[in-house]
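So the structure is just underneath, and the comments pick up after that.
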Amino acid sequence: MAPHLSNDTVHWFMNELTSRIVSQSGNPSDRYHLGKIILQSLKDYPKAIMQIDGATGEEETNSSALQRIIECAITLRKCGIGIGDVIVLMAPSHLDLAIPLYAALCVGAIVSAVDRTLSVNELRATFEVSEPKIVFCQSEKATEVQIALNDIEQNTEIVTFDSGDYLCSFQEFVTRYRDDSLIDDFEVADLDTESAGALLIATSGTTGLPKAAVATHKNFATSLPYVWSRSTTFPGPTHMALVGSPLQWLTAIMSFLLSPILKYIRLQTSSPLTQEHAYYLINTYKIVNVDTLEDIDKPNVPGELWLKGPCIFKEYHKNPEATAETFHENGWFKTGDMFYRDENFNYYFCERIKLLLKYKSFQISPVEVENVIRQHPGILDVAVTGLPDPECGDLPVACVVLRTGYEVSANNIKDMVQDSLSDSKRLRGGVVFLNEIPMTASTKVHRRKLKEIVMNPDTVIN
């Protein structure tokens, strides 16, 4: 079969790997157990390099990672962390980041990767949803994390990846119960892989309130191999892949899960991925780009894309209202995106039904920004849209209607947003003053007309 066509090679490889795991445990559900799959993969190729931090040049082999993962898993278990408990990871992509991720999957805990640029208010709202038992972060963020946890009276241990003045460091954490006999006898937790959560995928939704989609072990174990369905060589479909996105993004999660299983080096960096740093990484490590294939199914007229299958996440974590709103009663997931297909079954994206803007690798809820701006007594109405930027994606623009008798400057509004929300949500696109916000016949903000106003060259953007 031609190498550019989809084939079953990756599935043959995964079937051989998972069959060995099932034969050892006797549990058919282990075919989808991410913790068991990753640990077996590390044992299969102990001398292979698992990860490299391109910022420092440090690298780690599978055998080294395996030792640290088991040590971390033992500590998690000794701390009472088990099936269904949530741990939070919020740190740059240094070599320690993957260790508690894999360890949590081994003990049945759910991993919530959180944007480390969030403000205290945003962290508070996020932690209210996830209720983490442990937060792993950098010491520079520990104070804000502690304030957010105190506000919701959540008794959560904070572990810092680097050295902190008073908190437990990650090195101290993983060696807290170091015992070679415990390592030799360590067993991965048994769980129902179809229902047990593996990761919480963060989504702010269109209301600005944080939500977390529960992705199960089976969701990922079933869907991830399809990323490599065009390759024919396993293990090692490629020598190396660069991870530039933060862990809270699916692109990073997929590579963190797949790289030890398919035996390719994961090149990441603990430094900000600037254009210059990306050039350095590419020129230094000669990266092979990864092509992915995404399949969708939709009638031949524009409409909302609905999905159903074992790869779809289970639910929104502790949010039955959001789950009921997003899933049809017979299990179809309503994506909120409009698609159409042509006569040759080629599928085309039309527009997002949902309102989220995307600035670089950050999702922004216009409603969340609007709610901040509405707190100003001089604001009668406001709607936020995005100004397209070829490098950054969407630059948030606030379209504002002032109350009679008030004088409010664009800088006043920009400062409100900057002081209340994280840096990614600043009004980089500016502020537009209008006499009224365009509305649809159903009295909703007419987002398309709002975009047209902002894009009009005659519109004054402050």
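The values are calculated or read from the model by the stated rules, or taken from the named source; none is laboratory data. Just so we're clear, the structure is a prediction, and the values are computed from it rather than from any experiment. Reconstructed Cβ throughout: ideal geometry from the backbone, glycine too, with neighbour counts over all protein chains shown. Remember, those area values only see protein heavy atoms, side chains included, never the ligands or the DNA or RNA. Shrake-Rupley method; radii C 1.70, N 1.55, O 1.52, S 1.80 Å.
Listed here are the residues, each with its yes/no results for (1) under 21 Å from Ile282 (Cβ atoms); (2) at pLDDT 90 or above; (3) buried (at least 22 other Cβ atoms within 10 Å of the Cβ); (4) not aliphatic (A, V, I, L, M).
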| residue | (1), (2), (3), (4) |
| --- | --- |
| Leu200 | no, yes, yes, no |
| Thr203 | no, no, no, yes |
| Gly208 | no, no, no, yes |
| Lys218 | no, yes, yes, yes |
| Ala221 | no, yes, yes, no |
| Leu224 | no, yes, no, no |
| Ser231 | yes, no, no, yes |
| Gly236 | yes, yes, no, yes |
| Ala252 | yes, yes, no, no |
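Comparison of Lys334, Lys318 shows that the only residue that is in contact with a His (Cβ under 7 Å, 6 or more places away or on another chain) and not polar (S, T, N, Q) is Lys334. Counted as qualifying within region 313-427 are the helices (runs of 4 or more DSSP H) with 2 or more residues that are farther than 25 Å from Leu200 by Cα, namely 366-373, 410-420. Test Tyr45 against the criterion of being open to solvent by less than 70 Å² (accessible area, probe 1.4 Å), closer than 21 Å to Ile110 by Cβ and hydroxyl-bearing (Ser, Thr, Tyr), and give yes or no. For Tyr45, the condition - open to solvent by less than 70 Å² (accessible area, probe 1.4 Å), closer than 21 Å to Ile110 by Cβ and hydroxyl-bearing (Ser, Thr, Tyr) - is not met.
Meeting the requirement of 3 or more residues that are in contact (Cβ under 8 Å) with a residue 12 or more places away in the chain and open to solvent by 20 Å² or more (accessible area, probe 1.4 Å), the helices (runs of 4 or more DSSP H) wholly within region 61-151 are 62-78, 120-130, 139-151.
Condition check ((1) within 27 Å of Thr117 (Cα to Cα); (2) surrounded by 13 or more Cβ atoms within 10 Å (Cβ to Cβ); (3) not aromatic (Phe, Trp, Tyr)) across all residues:
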| site | (1), (2), (3) |
| --- | --- |
| Leu387 | yes, yes, yes |
| Gly405 | no, no, yes |
| Ala410 | yes, yes, yes |
| Lys444 | no, no, yes |
| Arg447 | no, yes, yes |
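Number of residues in region 238-248 that are in contact with a strand residue (DSSP E or B) (Cβ under 6 Å, 6 or more places away or on another chain) and surrounded by fewer than 20 Cβ atoms within 10 Å (Cβ to Cβ): the value is 1.
The rows are residues; the columns are (1) in contact with a strand residue (DSSP E or B) (Cβ under 7 Å, 6 or more places away or on another chain); (2) at pLDDT 95 or above.
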site: Cys106; (1), (2): no, yes
site: Ser112; (1), (2): yes, yes
site: Arg116; (1), (2): yes, no
site: Lys133; (1), (2): yes, yes
site: Phe136; (1), (2): yes, yes
site: Leu149; (1), (2): no, yes
site: Thr160; (1), (2): yes, yes
site: Ser163; (1), (2): yes, no
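Please tell me if Asn7 is among the polar types (S, T, N, Q), modelled with pLDDT under 95 and more than 22 Å from Asn219 (Cβ to Cβ). Yes, satisfied.
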